[in-house]
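Take a look at the structure set out below.
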């Protein structure tokens, strides 16, 4: 029989893949009529950040990296650049999970905001160094803002609908070393 912890972890990993596939499908649908001035949030990044701060073993590197790389290909971004920045950010947040367990949500939200701001700045700097055509700065900023505004909603959905709650200290001791 399968260990309940293992079954729970793998079911949530598959759920993240399903959420990512559904979000990607919605993103590529031509639903905008007229000129869209405000880009939608990057829900895949928001869910990944929310989950890695709550249950780091449910968001392994080998699961997130291909999803972000597929998003790079589907959104016609330079392959691997945004995916690499997302992976670096996920690993940065994973190392902060133990300290963020006791943080109030507002501090977590500001930490995620800082990480996303750093990702956007590095992304634009790398594109500028290699002289790649850049989108307008206003569009990038509004995309980051919409993702940050949606982050609390993503956390609420993750916590109360999908059951991705923060680790308790006892669970953290029990799960230490498992992947």
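The values are calculated or read from the model by the stated rules, or taken from the named source; none is laboratory data. Treat the numbers as computed from the prediction; the structure is a model and nothing was measured. Here the Cβ is made from the backbone with ideal geometry for all residues, glycine too, and neighbour counts use every protein chain on show.
In table form, for the structure just shown:
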| item | result |
| --- | --- |
| Check on residue 107, within 15 Å of the chain's Cα centre (by Cα) and under 27 Å from residue 9 (Cα atoms) | no |
| Test: residue 167 is within 27 Å of residue 9 (Cα to Cα) and either modelled with pLDDT under 90 or part of a helix (DSSP H, G or I) (or both) | yes |
| Scan of the stretch 1-22 for residues that are within 12 Å of residue 47 (Cβ to Cβ) and exposed (fewer than 11 other Cβ atoms within 10 Å of the Cβ), ordered by number | 18 |
| Counted residues, the stretch 110-122 - those being over 13 Å from residue 87 (Cα atoms) and surrounded by 15 or more Cβ atoms within 10 Å (Cβ to Cβ) | 5 |
| Elements of type helices (runs of 4 or more DSSP H) in the stretch 1-116, at least 2 residues being without any contact (Cβ under 8 Å) to a residue 24 or more places away in the chain | 4-28, 61-74, 81-95 |
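Per-residue answers, yes or no, for (1) more than 25 Å from residue 166 (Cα to Cα); (2) modelled with pLDDT under 90; (3) exposed (fewer than 14 other Cβ atoms within 10 Å of the Cβ):
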{"site": "24", "(1), (2), (3)": "yes, no, no"}
{"site": "28", "(1), (2), (3)": "yes, yes, yes"}
{"site": "36", "(1), (2), (3)": "yes, yes, yes"}
{"site": "74", "(1), (2), (3)": "yes, no, yes"}
{"site": "93", "(1), (2), (3)": "no, no, no"}
